[in-house]
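Novice: Quick one: the structure is below, and I'll ask about it shortly.
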Amino acid sequence: MHTVAVLLDDGLATLNRAVGVLRRRNVPVEGLALHPSGTAGVSRMTFVLKADAVTAERVAQQFQKMIGVRSVMVLGGEDSTTEARR
Amino acid sequence: MSEKLSGAEILCRGLVDAGVEVIFGYPGGAIMPFYHALPEHPRLRHILVRHEQAAAHAADGYARASGRVGVCVATSGPGATNLVTGLAAAHMDSSPVVAITGQVSRPMMGRDAFQETDIIGITMPITKHSYLVQDAAELADVVAEAMTVAAEGRPGPVLVDVPKDVQNQKVEWHGTPAPRTGTRGRALGSIEDGVRAAARLIKGAERPLLMVGHGAILAGAYAEVRALAEKTGIPVITTLLGISAFPDGHPLHLGMPGMHGEVHVNRAIQNADVIIGIGLRFDDRVTGNTASFARQARIVHIDLDRAEIGKNVPAAVGIVGDARDVTRRLLAAVEPRRCDRWLEHIRSFARPGPASYRGELSPEAILASICDASGGACTIVSDVGQHQMWVAKLFPYRHPNTHITSGGLGAMGFAVPAAMGVHLARPGDTVWAISGDGGFQMNMAEIATMVQERLPVKLAVFNNGYLGMVRQWQQFFHEKRYSCTPIWSPDYVKLAEAYGIPGYRVKDAAELADTVGRANAQPGPALVEFVIEQEANVFPMIPPGGSLSEPIESAPVVGAAGD
Ligand SMILES: Cc1ncc(C[n+]2csc(CCOP(=O)(O)OP(=O)(O)O)c2C)c(N)n1
Ligand SMILES: [Mg+2]
């Protein structure tokens, strides 16, 4: 399980494109959240992915290429959720 | 200074100010305001195609040949959906194209209005970016930004969808904004580290290879790649889209790798200890089975797109940067050396070409006649299939960027319309579009465009009576069951006549020089049909998913092949 947090411009097309990045690469999504980022016109999208570190990093790089994406962060791999499941 | 202008007028001015000179398009209801404004801008030459797919391929061909953005225009609904294949081809091969589509008026959107399609939704995975323009006041910025986004970094297609009422909307216009530049520049601090690491690997390598792809052509890195090869003596492999990035016939040039690569090229890869990849993405047609690809090699991967590095093959050193810039730095960092023993070793892998072709009218002979007729100085645009592989492997490309083909998408029907774009980008050069009988029939309606718009493209049709490449797979992997691959053709000489252009048929090698010479010398478009052997195969061949080490070099006995 890996979490990828994306800061991106508001707008339905941007949202659609961001989800499309995962759909096209067939990366399963465990959790998905959209929040205002605090900066006007910018949202924060958080994806919890059922993916290993390499895949999460690859997805992050694809996000990075998207016009409208401000920043991308891959958050910890072995997070508490994964630990608890074991 | 400001004045009130319609969205359509702003669109036209934006294109003119961006330096656009040619637009490939087709009108319709939702784009009519744009077409109404267009005649006021004689600098924008409009080429009326016969199908919007051709507009997109032609814009792509123009972009590849000129290095500038190619522009196509279509109406909403069917016009826009007809662009899709062309945009996908441009996307796969990183070609800078801007597509402008009309859309139904804003109040009608989302109501399944007449000729409404969600073209942004449809094209999202095959565009670099897209814009739905909701207000004419945004248009000037959007056009300028779209042109920049298409061209900057790794190029690609961008779609601008403009509702009809936005085209008619009048707004204050304050001039075209200054071109946006370098908005998505990346910290490139690690280039120097990468270059040093690469130079160290080259120094220690016994069996190094340069693999050069489309990125080298997009960056115009010809001189740098050549200088790097000559300084180090490292043999050079050019991928399908890298062909003509390095001169054919150069003693260090090995040829094309992959599925239809020569045996010695693939064996060189399998034996290499260091591979320097410049502007390629190691796609599956190049690598075969990645698990067995270049197992002894440490790979230095140079690409502008960070997401490519490590995507298909693991990179020992990844360098994110422009192929020309990085190659120049690498050239400065490497010590002169030679690779004579290794070259000799590779030469020992070479085999006499398998007798893939019987008879006199061979692909070699045909391509040699085209080369002779044009003095070796033409641009070849190929379609998709067996002839594409022959054209890739057998034509001697001496000049940079003179081989253009749809590599990533492999879109049949590409050659004829793309060649129109190539001609407009290089009006002084001879352009030959070489197609199979299948692919030619997909877009042969564009002969009418060539006649109407005076585009003197030379058309070659390799007529084998089959969808040859599929037939070859059927022969090798499907028990020789030629299901739905025999394909009938019209009389191409009469077809040419119907369009009012010279048409020729060549059945015998003895006629080649004369006929091809005459077609080449025509001031306008001309068509030559080559009636070639029906069941010739392209050898060698790595079966799909197979290892580069195990080429097929002759047709398998019928029934013996697996899947
Ligand atoms: C638009 C499209 N449809 C189908 C294919 C699959 N395909 C690849 S090669 C080929 C045969 C091409 O036949 P032809 O144009 O006659 O060329 P040849 O192989 O005979 O030289 C086909 C059908 C394709 N690449 N593109
Ligand atoms: Mg054919």
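Novice: How do B:Lys4, B:Lys393 rank by accessible surface area computed with a 1.4 Å probe, from largest to smallest?
Specialist: B:Lys4, B:Lys393
Novice: Heavy-atom accessible surface, probe 1.4 Å, ligands and DNA/RNA ignored: which residues of the stretch A:40-64 lose at least 30 Å² versus the isolated chain?
Specialist: A:Arg58, A:Gln61, A:Gln64
Novice: Short version: which residues of the stretch B:296-315 lose at least 50 Å² of accessible area, all chains versus chain alone, 1.4 Å probe?
Specialist: Buried on complex formation: B:Ala307.
Novice: Out of the trypsin sites (Lys or Arg not before Pro) in the stretch B:55-118, which ones are loop residues according to DSSP with at most 12 other C-beta atoms within 10 Å?
Specialist: Here the trypsin sites (Lys or Arg not before Pro) that fit, given the DSSP loop and packing criteria, are B:Arg111.
Novice: Take peptide B:115-123, look around each residue's Cβ out to 10 angstrom, count Cβ atoms belonging to other protein chains, and average those counts.
Specialist: 1
Novice: Keeping every protein chain present and rolling a 1.4 Å probe, give me the accessible area per residue for chain A in Å².
Specialist: The answer is 55 Å² per residue.
Novice: For the stretch B:457-563, what % of the accessible area comes from carbon and sulfur atoms, probe 1.4 Å?
Specialist: 53 percent
Novice: Another question, if that's okay. Determine which lysines satisfy two conditions relative to B:Lys128: a Cα distance under 22 Å, and not lying fewer than 8 residues away in the same chain.
Specialist: Within reach: A:Lys65, B:Lys311.
Novice: While we're here: Can you compute the helix-only [θ] at 222 nm over chain B? Use -39500 (n - 2.57) per DSSP H run of at least 4 residues, normalise by all residues, nearest 500 deg cm²/dmol.
Specialist: Calculated from helices alone, the mean residue ellipticity at 222 nm is -10500 deg cm²/dmol.
Novice: Here's a follow-up. So how much slack lies between B:Arg351 and B:Lys494, counting 0.36 nm per residue of separation and subtracting their Cα-Cα distance, in nm?
Specialist: Once the chain is fully extended between B:Arg351 and B:Lys494, it gains 47.2 nm.
Novice: Here is a further query. Could you name the lysines whose alpha carbon sits less than 23 Å from that of B:Lys507, not counting residues in the same chain fewer than 8 places away?
Specialist: Those lysines meeting the cut-off are B:Lys393, B:Lys458, B:Lys494.
Novice: Inverting the mean 1/r over all pairs of different Cα atoms, compute the Kirkwood radius of the protein assembly as shown and quote it in Å.
Specialist: Value: 26.1 Å, from the Cα pair sum.
Novice: Can you give the extra length, in nm with one decimal, that the chain gains between B:Ser483 and B:Glu550 once fully stretched, where that is 0.36 nm per residue apart less the Cα-Cα distance?
Specialist: 21.4 nm
Novice: While we're on this one: So which GluC sites (Glu not before Pro) in the stretch B:484-563 are both in a DSSP loop and have at most 14 other Cβ atoms within 10 Å of their Cβ?
Specialist: B:Glu553
Novice: Which percent of the accessible area of the stretch A:2-85 is formed by carbon and sulfur heavy atoms (probe 1.4 angstrom)?
Specialist: Carbon and sulfur: 54 percent of the exposed surface of the stretch A:2-85.
Novice: Summed for both chains, how many Å² of accessible area, to the nearest 100, are buried between A and B with a 1.4 Å probe?
Specialist: 1300 Å²
Novice: Something else: For chain A, just the Cα set please: Rg and Dmax, both in angstrom.
Specialist: Reported Rg and Dmax, both Å: 12.6, 41.
Novice: Once the other residues with Cβ under 14 Å from the Cβ of B:Gly465 are scored (Lys, Arg +1; Asp, Glu -1), what is the net sum?
Specialist: -2
Novice: Next question, about the same structure. Hey, with R₀ at 45 Å, roughly what FRET efficiency would B:Ser190 and B:Asp429 work out to, going by the Cβ-Cβ distance, to 0.05?
Specialist: According to the calculation, E is roughly 0.70.
Novice: Under a 1.4 Å probe, what is the accessible area of chain B per residue, stated in Å²?
Specialist: 38 Å²
Novice: A follow-up question, please. Hand me the chymotrypsin sites (Phe, Trp or Tyr not before Pro) from the stretch B:473-506 located in a DSSP loop with no more than 10 other Cβ atoms within 10 Å, in residue order please.
Specialist: B:Trp488
Novice: Starting from the 7 Å offset along Cα-to-Cβ, what nm value, one decimal, do you get for the label separation of B:Ala333 and B:Thr290?
Specialist: So the two model labels end up 2.4 nm from each other.
Novice: Over chain B, calculate the relative contact order: mean separation of alpha carbon pairs under 8 Å at least 6 apart, over the residue count, as a percent.
Specialist: After rounding, I find 14 percent.
The values are calculated or read from the model by the stated rules, or taken from the named source; none is laboratory data. All figures in this text were calculated on a predicted structure; none of them were measured in a lab. Glycine gets a Cβ as well: all are built from the backbone with ideal geometry, and neighbour counts include every protein chain shown. Note: accessible area is taken over every heavy atom of the protein model, side chains too, but ligands, DNA and RNA are not part of it. Shrake-Rupley method; radii C 1.70, N 1.55, O 1.52, S 1.80 Å.
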